[in-house]
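Peer 1: Submitted below is the structure of interest, expressed as structure tokens.
Computed from the coordinates by the stated procedures, all read-outs in this text should not be read as laboratory data. Note that the structure is predicted; figures quoted are calculated from it, not measured. Here Cβ is always computed from backbone atoms with ideal geometry, including for glycine, and neighbour counts include all displayed protein chains.
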Amino acid sequence: MQQLLAAFGIKWDLLLAQAVNFAIVLIALWYFLYKPVLTMLEKRKVIVAKGVADAQLAGQMLAGADSEAARRVTAADNEAEGIVSAARESASAEKARLLKEAEARAVSVAKDAAARANESMERARRESESEIARLAVLAAEKILQKHHD
């Protein structure tokens, strides 16, 4: 076997030294590189998991905010509908009041006009009676003058 190793130019003492050097480099790389990389990867894994959990929480909060916004919009719509309904009722009552007031004024104006018309007719009748009486007196005077003459 030594002849075979000598034929390939392999020396045991150098091979053993290289194996020890490889083991030292392997241990150094494992200690100084592999462990810190694993630690860093674990920290990133925790950060990513926290980010995913925060994103899910934010999604739930957004869904809650959407439902709260929808609830508030519905409440505002109901309140606005109530305000509009109250305004319509108030306007209807005001319209009825104004109509009654206008009807009362119309009746009052009609009564006042009728009273003025009656008063005017009565005055015209008295003036006519007075004029008729005056004309009757004049006619009687003329007749008497004709009979006296």
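Peer 1: Using only Cα atoms, find the angle between the long axis of helix 12-29 and the longest principal axis of the chain, and express it within 0 to 90 degrees, rounded to the nearest 10.
Peer 2: 20 degrees
Peer 1: What do you get for the angle between helix 35-148 and the principal long axis of the chain? Use alpha-carbon atoms, 0 to 90 degrees, nearest ten.
Peer 2: That helix lies at roughly 0 degrees to the long axis.
Peer 1: Next question, about the same structure. I need the calculated FRET efficiency for the pair V20 and V46, taking r as the beta carbon distance and R₀ as 35 Å, to the nearest 0.05.
Peer 2: 0.40
Peer 1: For S108 and H147, compute 0.36 nm times the residue count separating them, minus their Cα-Cα distance, and round to one decimal in nm.
Peer 2: Contour length minus Cα-Cα distance gives 8.3 nm.
Peer 1: Identify which of the listed values of semi-axes √(5λ) of the Cα gyration tensor in Å was calculated from the structure shown: [x] 44, 17, 10; [y] 50, 31, 13; [z] 137, 14, 9.
Peer 2: From the options [x] 44, 17, 10; [y] 50, 31, 13; [z] 137, 14, 9, the structure gives [z].
Peer 1: Averaging over all projection directions, find the projected area of the Cα convex hull of region 83-149 and quote it in nm² with one decimal place.
Peer 2: On the way: hull surface 17.6 nm².
For region 83-149, averaging the hull's shadow over all directions gives 4.4 nm².
Peer 1: Let me ask you something else. Calculate the dipole size of the chain relative to its Cα centre from +1 charges on Lys and Arg beta carbons and -1 charges on Asp and Glu beta carbons; express the result in debye to the nearest 20.
Peer 2: Dipole about the Cα centre, nearest 20: 640 debye.
Peer 1: Among A110, G82, S130, whose Cα sits farthest toward the positive end of the charge dipole of region 53-149 (+1 at Cβ of Lys/Arg, -1 at Cβ of Asp/Glu, about the Cα centre)?
Peer 2: Ranked along the dipole, the leading option is S130.
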